[in-house]
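Encoded as structure tokens, the structure appears first; notes follow it.
The values are calculated or read from the model by the stated rules, or taken from the named source; none is laboratory data. Small disclaimer: the values here were computed from a predicted structure and weren't measured. All Cβ positions, glycine included, derive from the backbone under ideal geometry; neighbour counts span all protein chains shown.
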Amino acid sequence: MRQGGAGRFGGMLAAPLALAALLAAAAPDAGTGQGRVLDRIVAIVDRQPLTLSQLELEARVAFIANGGTDAATAPLGDRDLASALELAIDQRLVLAEADRLRVYDVDDAAVASALKDFQARLHGDKQFRAFLDSQETTAEEVAAILRRALRVSRFLDSKIKLASHASEDDLRRYFAAHASELGDLPYDRQRDTIRALITRERKEALTRKQLDELRARADVRTVIPFATGPAGDAGTPP
């Protein structure tokens, strides 16, 4: 069951709350003698906390991995973080299901290839190291985020591959129903485009259905909701 807001914690276990208190504790500030927030928990997914710093890192990795290299340094707006939070929650739920079923492991070679592509998007090792330093993280942590994304993608693809198949009748019905949108080209010239459109629509619907089913069985609590107003410079994660 998904609940939002700090006022709905009810019978949450003491451990995550103790961790939340620790992360938001008043740490002495050398300049003022007052406390400062070290980090914040933004959500708890099946009793596992997700912190703001981790969410920001995962958002930047997702942006960069999908071509948004400005996300290495660009500010992240609330809409960016809201989208990243939904992605982070979905990924954790899918990964838990894959672990439960013991399926779709990702080998080290695939992760190494994904990490190599990630570095290439940042235009080399120097820029990659600068990104790691700016985020106070490691190459191993980035690789772990990429590994999770690969495994989640494989799991979801396996669930929707057969169900998203479009028959010849499906293609012709779509062509007839969307003739005004598709233009004047004959069916034979647009057949591949129509197949791609149908496949994409079905995959999106089936993916959302699968994720909704996982969320219905999970305990997901959003501690810090982000407004879905204007995005930051980074854009919206895919």
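Per-structure values
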read-out: Selection count where residues are free of Cβ contacts under 8 Å to residues at least 24 places away in the same chain, within 30 Å of residue 222 (Cα to Cα) and touching a helix residue (DSSP H, G or I) at 6+ places or on another chain (Cβ under 6 Å), scope segment 80-128; value: 0
read-out: Subset tally (residues that are touching a helix residue (DSSP H, G or I) at 6+ places or on another chain (Cβ under 7 Å) and within 15 Å of residue 157 (Cβ to Cβ)) for segment 181-220; value: 5
read-out: Criterion (touching a Lys or Arg at 6+ places or on another chain (Cβ under 6 Å) and closer than 22 Å to residue 143 by Cβ) met by exactly one of 111, 61; value: 111
read-out: Near pairs, Cβ below 8 angstrom, 6+ apart or cross-chain, from segment 178-190 (modelled with pLDDT of 90 or more and among the basic types (Lys, Arg)) to any residue that is surrounded by 10 or more Cβ atoms within 10 Å (Cβ to Cβ) and not in a loop (DSSP other than H, G, I, E, B); value: none
read-out: The listed residue being among the charged types (D, E, K, R) and within 30 Å of residue 72 (Cβ to Cβ), out of 159, 203; value: 203
read-out: Hits in segment 89-111 (condition: β-branched (Val, Ile, Thr) and assigned to a helix (DSSP H, G or I)); value: 89, 94, 111
read-out: Spans of helices (runs of 4 or more DSSP H) in segment 141-225 with at least 2 residues hydrophobic (A, V, I, L, M, F, W, C) and within 30 Å of residue 115 (Cβ to Cβ); value: 187-217
read-out: Residue, surrounded by the fewest Cβ atoms within 10 Å (Cβ to Cβ), within segment 106-121, restricted to residues that are under 30 Å from residue 159 (Cα atoms) and either hydrophobic (A, V, I, L, M, F, W, C) or at pLDDT below 95 (or both); value: 109
read-out: Test: residue in segment 73-88 that is assigned to a helix (DSSP H, G or I), more than 18 Å from residue 144 (Cβ to Cβ), among the basic types (Lys, Arg) and over 15 Å from the mean Cα position of the chain (by Cα); value: no
read-out: Tally, over segment 122-131, of residues that are part of a helix (DSSP H, G or I) and surrounded by fewer than 17 Cβ atoms within 10 Å (Cβ to Cβ); value: 5
read-out: Lone unmet requirement of (1) touching a strand residue (DSSP E or B) at 6+ places or on another chain (Cβ under 9 Å); (2) over 26 Å from residue 64 (Cβ atoms) for residue 225; value: (2)
